[in-house]
Amino acid sequence: MKKNDKEQVSLADGTANLGGAGFSQALPVVTALLLLGGAAEAEKVSPVLLLENPDSRLHPKAQTQLGLLVARAVLAGIQCVVETYSDHFFDGVRMAVASHLLSSDKVLAYFFSQSEESPLTTLTPVEVRADGGLEAAPDGFFDQSIKNAFKLAGM
């Protein structure tokens, strides 16, 4: 590869940094989605994939793209159960719904919360509408970016 003023990559020793730790964490997720998608089609089965923070260490744009990829995996017959704190990942899923790639009835979202009065965890279902919007989202459900934007705008 050529050296330029922005980036230098050496492949001579067989190593290259292709995106940092996020890339190395996302690669097994993408591989599993592709393999399970092929199995779902070939074997007529509905595999289940459990993902814990698959978006960890990824750039926000990549998190959104991963959400879209998971939506496509659902279309291929894979049941995906995802734990995430990433509004960008969830936005990717919502964008798939809004663009009619994925039906809103294929998305189940739950908000886990605890009150100061009880040690029990409460699960609140959050419906994704056909336009990708949220129905009855509780306070604290992927709303921090919006709250921050309003504070920065002086509202």
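Read the figures in this text as sums done on the coordinates, not as results from a lab. As the structure is a prediction and not an experimental result, all values here were calculated from the model. As a convention, Cβ positions derive from the backbone with ideal geometry for all residues, glycine included, and neighbour counts pool all protein chains shown.
Observations
- Listed by chain and number, the aspartates and glutamates placed with their C-alpha closer than 13 angstrom to that of residue 61 are 87, 91; residues fewer than eight positions away on the same chain are left out.
- Between the amide H of residue 111 and those of 124, 126, distances stay under 5 Å, these residues lying 5 or more places away or on another chain, with hydrogens modeled in the peptide plane.
- Ellipticity estimate at 222 nm from DSSP helix runs (n ≥ 4, -39,500 (n - 2.57)) divided over the chain, nearest 500: -12500 deg cm²/dmol
- The stretch 29-117 - charge dipole about Cα centre, Lys and Arg +1 at Cβ, Asp and Glu -1, debye rounded to 20: 440 debye
- Positive end of the dipole of the chain (Cβ unit charges, origin at the Cα centre): among 138, 97, 24, the Cα lying farthest that way belongs to 24.
- Label separation (residue 39 vs residue 106): 1.9 nm, computed from points 7 Å beyond Cα along the C-beta direction.
- Computed from point charges on the beta carbon alone (+1 for Lys and Arg, -1 for Asp and Glu), the dipole magnitude for the chain about its Cα centre is near 620 Debye.
- Prolate/oblate/rounded label for the chain (Cα gyration tensor, a/c 1.5): oblate
- For the chain, hydrophobic long helices are taken as DSSP H runs at least 27 Å long by C-alpha position along their axis with mean Kyte-Doolittle hydropathy of -0.5 or more; these are 21-43.
- Placing pseudo-labels 7 Å out from each Cα toward the beta carbon at residue 117 and residue 56 gives an inter-label distance of 3.5 nm.
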